[in-house]
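Colleague: Take a look at this one; I'll ask things after.
The values are calculated or read from the model by the stated rules, or taken from the named source; none is laboratory data. Here the structure is a predicted model, which means the values were calculated and not measured. For neighbour counting, all protein chains shown are included, and Cβ atoms are generated from backbone atoms with ideal geometry for every residue, glycine included.
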């Protein structure tokens, strides 16, 4: 073969191999520019994009803590909204001369330990409170002392009551104690005792800038105006119990108020008497409250049971007797106790008592006025709407 033809054949073979390889390596396989391909590259939505998720709503429960009479709790009394996954502890502490008994939950014994764990289910609502028992201790001399019965054979009930009433009016005439003035206004409107005609004006002088006094001014003024935060300033259990009743015709009662009222009654002593006072105000304000059958009668009887037929008439007994009369249930108060009240009055017209002498004296006077001036119906305790 001619040498030149061999060289030409070799060149053609090399070109036939290298040109396709070079062409392949220099091609752009982008879908936008490559007209020789139908392949499309779509994103994979199942792996590259995460679906949006909404956060689950927080699950909470509501617990109302009341501090029973004779002690207190920590946290203090109030209503708490708590995450169901987060618990907290509540501890009960008794005052001097009181013993802790147990914790109640919706009126039933929940624990006899001073410290309990507060837990709940989603959307659950309940009331819990500690219960305390008064314990004055054992007397040093267990044998009963012989006491001489007072001679009242020459004293008629009318003159007896009248004398005690006059002495009490004179003692209270100059008082500036705000809560006493509220009761004196009630006495003026109910019995027409002129010495107390200016009780409301004297009370207004004492208010100054006290949210609590402003709240309870409604006892003497139907149109009483509150300021923002006044109701939230209440921190005494008796006040937080009665204030909703005082304004129930303006502000609806809490849905769990029946449980709160029942818990207060079961606490005994001053919470028991204040549960009766709250009921009186609910009635006078014309508010509706669904209570268990027999609850009201049980409350009357429980207050009556606070009155011991011994030789003393202490503050809690006086308060129970007065609130029973204000509720129109004077028949629960025995005549023996009325005479005991007369016998325990000091010469200056006051009655000794805790927490303050003015408190027992206002109660003693209010009780004797109801006994001295019986009636089938009295003007309401709460000031009526202006005509």
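Colleague: Mind listing whichever residues of region 209-235 are more than 18 Å from residue 181 (Cα to Cα), in a loop (DSSP other than H, G, I, E, B) and in contact with a helix residue (DSSP H, G or I) (Cβ under 7 Å, 6 or more places away or on another chain)?
Modeller: Once the filter is applied, which keeps residues that are more than 18 Å from residue 181 (Cα to Cα), in a loop (DSSP other than H, G, I, E, B) and in contact with a helix residue (DSSP H, G or I) (Cβ under 7 Å, 6 or more places away or on another chain), region 209-235 yields 226, 227, 229, 230, 234.
Colleague: Ok, one more. Among the numbered conditions (1) in contact (Cβ under 8 Å) with a residue 40 or more places away in the chain; (2) surrounded by fewer than 20 Cβ atoms within 10 Å (Cβ to Cβ); (3) in contact with a helix residue (DSSP H, G or I) (Cβ under 9 Å, 6 or more places away or on another chain), tell me where residue 362 comes up short.
Modeller: (2)
Colleague: Which of (1) in a helix (DSSP H, G or I); (2) modelled with pLDDT under 95 is the odd one out, the single condition residue 310 does not satisfy?
Modeller: Going through the list (1) in a helix (DSSP H, G or I); (2) modelled with pLDDT under 95, residue 310 breaks only (1).
Colleague: Mind listing just one residue for me: the one in region 103-132 that is free of Cβ contacts under 8 Å to residues at least 60 places away in the same chain and part of a loop (DSSP other than H, G, I, E, B) and, of those, nearest to residue 90 (Cα to Cα)?
Modeller: Initial filter on region 103-132 (free of Cβ contacts under 8 Å to residues at least 60 places away in the same chain): 103, 105, 108-120.
Those still in the list that are part of a loop (DSSP other than H, G, I, E, B) too: 112-114, 119-120.
Numbers: 112: 13, 113: 10, 114: 8, 119: 11, 120: 14 Å.
Applying the filter and picking the extreme gives 114.
Colleague: So, one more: Among the listed residues 260, 280, which satisfies the condition of being touching a residue at least 60 places away in the same chain (Cβ under 8 Å), assigned to a helix (DSSP H, G or I), within 27 Å of residue 387 (Cβ to Cβ) and not assigned by TED's automatic domain parsing to the domain that holds residue 72?
Modeller: The match here is 280.
Colleague: Then there's this: What is the residue count in region 365-387 for residues that are assigned to a helix (DSSP H, G or I) and surrounded by fewer than 17 Cβ atoms within 10 Å (Cβ to Cβ)?
Modeller: 1
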